[in-house]
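**Q** So that we are looking at the same thing, I have put the structure below in structure tokens.
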Amino acid sequence: MLIFTLVCVFIVSLAEKNTKDRIEINEQQLLIKRLNEIVTEYDNPILSESFDRNINLHGIEQTVTIFPAKNNNKVFAHLVEHTYPNGYNGNIRLLTGISIKGELLGVRVINHKETPGLGDKIETRKSDWIKSFTGLSLNQPEKSKWKVKRDGGFFDQFTGATITPRAIVTAAYQILNYFDKYEIK
């Protein structure tokens, strides 16, 4: 019985190690895919030049990862991996691209637990809704319109799911506001 238990423990730990490595590789590939959906004209090793910052964003202290996008050694954008804590079913992990002029280059979802068929329309494979943020800034639309239409704002919401779009709109506005107040280098 002891030998059987030891063999089982060995097999489970081996499977866990192999699975962990595979998950890390898949997460890295997804991150690269999302980065390239937002910017493509960078010529620097964007992953190896990334850095972490501990900041208060979205009402929580969090560590964000910032990827500087450069062309000819000049930063033209920052891509920020951050967490918005108030989705319908919890945290929404986002990647947001911001040009040095303060314009959104794109918002993409890295990870979420939103309701399938409703809140998951924040994914580009389900809907183009999240692509509507590209080109917006703190002043476009005006501050009072950075809400879903149901709340008198500019942004569409999904039928049956307002909390998730509200979360993405709020997260995009708050990160633009953060970058407007604090210079990132």
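The values are calculated or read from the model by the stated rules, or taken from the named source; none is laboratory data. Bear in mind that the values here come from a model prediction, so they are computed numbers and not experimental data. Here Cβ is always computed from backbone atoms with ideal geometry, including for glycine, and neighbour counts include all displayed protein chains.
**Q** Kindly establish whether Phe179 is among the aromatic types (Phe, Trp, Tyr) and out of contact with any Lys or Arg (no Cβ under 7 Å at 6 or more places or on another chain).
**A** Spelling it out, Phe179 is indeed among the aromatic types (Phe, Trp, Tyr) and out of contact with any Lys or Arg (no Cβ under 7 Å at 6 or more places or on another chain).
**Q** Something else now. Pick from Gly97, Gly102, Gly90: which is closer than 23 Å to Trp129 by Cα and surrounded by 17 or more Cβ atoms within 10 Å (Cβ to Cβ)?
**A** Gly97
**Q** Could you tell me whether segment 129-145 includes any residue that is touching a residue at least 40 places away in the same chain (Cβ under 8 Å), of a type in the set (D, E, K, R) and either in contact with a helix residue (DSSP H, G or I) (Cβ under 9 Å, 6 or more places away or on another chain) or in a loop (DSSP other than H, G, I, E, B) (or both)?
**A** no
**Q** List, please: which pairs have Cβ atoms under 9 Å, are six or more places apart or on different chains, and start with a residue in segment 79-101 that is in a loop (DSSP other than H, G, I, E, B) and end with one that is of a type in the set (Gly, Ala, Ser)?
**A** These pairs meet every condition: Tyr88/Gly119; Tyr88/Ala161; Tyr88/Ala167; Asn89/Gly119; Ile100/Ala77; Lys101/Ser137.
**Q** Oh, and also: In the set Thr170, Thr164, which member is touching a helix residue (DSSP H, G or I) at 6+ places or on another chain (Cβ under 8 Å), within 26 Å of Pro116 (Cα to Cα) and either modelled with pLDDT of 95 or more or in a helix (DSSP H, G or I) (or both)?
**A** Thr164
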